[in-house]
Amino acid sequence: MASSSVAADMELDRPNLEDYLPSDSLPQESPRNLHLRDLLDISPVLTEAAGAIVDDSFTRCFKSNSPEPWNWNIYLFPLWCLGVVIRYGILFPLRSLTLLVGWIVFFAAFFPVHFLLKGEKLRSKIERKLVEMMCSVFVASWTGVIKYHGPRPSTRPRQVFVANHTSMIDFIILEQMTAFAVIMQKHPGWVGFIQKTILESVGCIWFNRNDLKDREVVAKKLRDHVQHPENNPLLIFPEGTCVNNQYTVMFKKGAFELGCAVCPIAIKYNKIFVDAFWNSKKQSFTMHLVRLMTSWAVVCDVWYLEPQYLKDGETAIQFAERVRDMIVARAGLKKVPWDGYLKYNRPSPKHTEEKQRIFAESVLRRLEES
Amino acid sequence: MGNASSMLTQYDIEEVQEHCNYLFSQQEIVSLYERFCQLDRSAKGFISEDEFLSIPEFSLNPLSKRLLRMVDGLNFKDFVSFLSTFSAKASFNQKIELIFKVYDIDGKGKVTFKDLLEVLRDQTGSFMTEEQREQVLAKVLEEAGYTRDCTLSLDNFIQIIDHPGLKMEVEVPID
């Protein structure tokens, strides 16, 4: 559960939520005398609550929409069974083998280079290429059919890349083309091991969602990173959490106040063979990978969009929303006004207080009239 | 999760429909079941308080705590029954009854000044003092012909909220 100070700080990331939410519960009529029935009639408030129970725009972002089953026919069903046999019996072992071989080759090359090679520049270059190779192996292991559109990212200082986030494989898909540095949440298990050893070499910044002080530290690290021309270009997922690739949640402004160019990347997965959304509350990353590896292919489009700069008089939040609009338009997603971290925390009491304020003021005003 | 209605038999749907007095169509019940399963993440058969509060729009509703006492731990049948009050086909009296129950949260059968004060407190928070709230309530009660220490029954409520245009409807999205 979030402490109130964490919740209060999350406020800084959000534009005025009231612009998006349904307006206050009371109808906007001219003040009349206040009667008993006006106070007793809580129907608008109850309706809002019931509406939220029945359907709400936040939970929709994390819903995996499973495709219609197509194997319901007498001749389609055996075909589907054959497909299952091929996918699980032939493809999966082959892919696992590829992955295993890839890891072995990678480690065999990476560790000697990392510990023995002294030349800083050459070592970085080789490590970068190795990471790119390893990501390509990953992509091959789920037969990734990825179309890249737009100019490839170049290694220049003073730029960051931002993309919408659906799964950790977003990172792998982008990394195979360009060795980005990333900012990531520290994970447990084998993923954490990889983060610590390998990703450090391309440049990684760690954050901890639950640590409030962490923000300042991370913001500084980001600023330092983009200044240094030797560092790999930085990739940031401003949503802060995985969303189901049909919606986007609010972008955190951290990436947009670094005083440099922001290059948007839009990623859209085609659900034709598998839904690439990683619902981290339902599945571990390992299970997610297994699901991808037992499907026919992962099909997706990646668009590298035009670099954007902070306009005069634009706040970081407005900048973030503008870039989000670009990505949403390109990838055909829908926007919701919620902070992704609401997955883990409760909303700030500020919004309830705002509703209370509006209601109280209306009551007091109408009382004056009578 | 696969197609929701495959987990809900036709018999189940009809039973739920009967339980809510046919205020929802069968399609709406299937839709509500999908929603119920989505909210009941650990598939316990009911939605816990925590899971309701994970809906941001619900969590920031001023009356969420009172409503939680009514919806916490409901199974699917009762969940639908609760929501059926918000169907367009529900009667005016049924809607007033729900409002009454929100006030009379401990089910005494009558609403006291204390209950009215509590609900007003939830709705106004720190933006009105307790004296202001008591003052407002006493004034409107008196104007309507009730004293401060009277109790209100459901019939009183129906009489007071004599508002045929009462809009208390929620639409169930059908995919």
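The values are calculated or read from the model by the stated rules, or taken from the named source; none is laboratory data. The shown structure was predicted, so the numbers you read here are calculated from the model rather than taken from an experiment. All Cβ positions, even for glycine, are placed from backbone atoms using ideal geometry, and neighbour counts span all protein chains on display. SASA here: full protein model, heavy atoms, side chains in, ligands and nucleic acids out. Shrake-Rupley method; radii C 1.70, N 1.55, O 1.52, S 1.80 Å.
Within segment B:84-107, restricting attention to residues that are in a loop (DSSP other than H, G, I, E, B) and among the charged types (D, E, K, R), which residue is nearest to the other protein chains (Cβ to nearest Cβ)? Within segment B:84-107, the match that is nearest to the other protein chains (Cβ to nearest Cβ) is B:104. Taking the criterion of being surrounded by 12 or more Cβ atoms within 10 Å (Cβ to Cβ) and away from chain A (no Cβ under 11 Å), the residues of segment B:149-175 that qualify are B:150, B:151, B:153, B:154. Within segment B:67-80, the only residue that satisfies the criterion of being buried (at least 17 other Cβ atoms within 10 Å of the Cβ) and more than 12 Å from chain A (Cβ to nearest Cβ) is B:76.
Sort through B:175, B:155, B:162, B:104 and tell me the only one that's within 30 Å of residue B:80 (Cβ to Cβ), at pLDDT 90 or above and either touching a helix residue (DSSP H, G or I) at 6+ places or on another chain (Cβ under 8 Å) or among the polar types (S, T, N, Q) (or both). After ruling out the rest, the residue left standing is B:104.
Based on what the data block shows, is residue A:226 more than 13 Å from the chain's Cα centre (by Cα), more than 30 Å from residue A:290 (Cα to Cα) and buried (at least 20 other Cβ atoms within 10 Å of the Cβ)? Walk me through it before giving the result.
Details: more than 13 Å from the chain's Cα centre (by Cα): yes; more than 30 Å from residue A:290 (Cα to Cα): yes; buried (at least 20 other Cβ atoms within 10 Å of the Cβ): yes.
So residue A:226 fits the description; yes.
How many residues does segment A:54-89 hold that are out of contact with any Leu (no Cβ under 7 Å at 6 or more places or on another chain), closer than 16 Å to residue B:38 by Cβ and in a helix (DSSP H, G or I)? Of the residues in that region, 4 qualify. Restricting attention to segment A:256-283, the residues being assigned to a loop (DSSP other than H, G, I, E, B), more than 27 Å from residue A:314 (Cβ to Cβ) and in contact with a strand residue (DSSP E or B) (Cβ under 8 Å, 6 or more places away or on another chain) number 6.
Condition test on residue A:138, is it in contact with a helix residue (DSSP H, G or I) (Cβ under 9 Å, 6 or more places away or on another chain), at negative phi and either open to solvent by 30 Å² or more (accessible area, probe 1.4 Å) or modelled with pLDDT under 90 (or both)? Criteria not met by residue A:138. Of the residues making up segment B:87-137, just one is charged (D, E, K, R), touching a strand residue (DSSP E or B) at 6+ places or on another chain (Cβ under 8 Å) and crowded, with 17+ Cβ neighbours inside 10 Å, namely B:104. Let me confirm something: among B:60, B:23, which residue is open to solvent by less than 40 Å² (accessible area, probe 1.4 Å) and touching a residue at least 12 places away in the same chain (Cβ under 8 Å)? Answer to the selection: B:23.
Provide a single number: the residues in segment A:118-134 that are of a type in the set (A, V, I, L, M), open to solvent by less than 40 Å² (accessible area, probe 1.4 Å) and more than 12 Å from residue A:203 (Cα to Cα). Qualifying residue count, segment A:118-134: 2. Tallying residues that are more than 8 Å from chain A (Cβ to nearest Cβ), over 25 Å from the mean Cα position of the chain (by Cα) and outside any loop (DSSP other than H, G, I, E, B) within segment B:108-133 yields 2.
In segment A:53-100, the qualifying residues are those that are among the hydroxyl-bearing types (Ser, Thr, Tyr) and away from chain B (no Cβ under 14 Å), and the one that is least open to solvent (accessible area, probe 1.4 Å) is A:96.
Within segment B:151-170, being in contact (Cβ under 8 Å) with a residue 12 or more places away in the chain and in a loop (DSSP other than H, G, I, E, B) holds for B:151, B:153, B:161, B:164, B:166, B:168, B:169, B:170.
For segment B:138-148, a tally of residues being more than 8 Å from chain A (Cβ to nearest Cβ) and either farther than 22 Å from residue A:360 by Cβ or open to solvent by less than 80 Å² (accessible area, probe 1.4 Å) (or both) returns 3. Figure legend. Inter-residue proximity from segment B:37-57: first residues on the phi > 0 side of the Ramachandran plot and more than 11 Å from chain A (Cβ to nearest Cβ), second residues of a type in the set (S, T, N, Q) and part of a loop (DSSP other than H, G, I, E, B), beta-carbon distance below 9 Å, spacing 6+ or different chains. Indicated pairs: B:45/B:75.
The number of residues in segment A:340-356 that are more than 25 Å from residue A:271 (Cα to Cα), of a type outside the set (Ser, Thr, Tyr) and at pLDDT below 90 comes to 7.
Here are A:331, A:360, A:320: which of them is facing chain B (nearest Cβ under 7 Å), modelled with pLDDT of 90 or more and open to solvent by less than 20 Å² (accessible area, probe 1.4 Å)? Quick ask: steps written out before the conclusion?
Details: A:331 fails: facing chain B (nearest Cβ under 7 Å); A:320 fails: facing chain B (nearest Cβ under 7 Å).
Result of the check over A:331, A:360, A:320: A:360.
When the residues of segment A:27-52 are filtered to those that are facing another protein chain (nearest Cβ under 10 Å), open to solvent by 10 Å² or more (accessible area, probe 1.4 Å) and assigned to a loop (DSSP other than H, G, I, E, B), the one that is modelled with the highest pLDDT is A:41.
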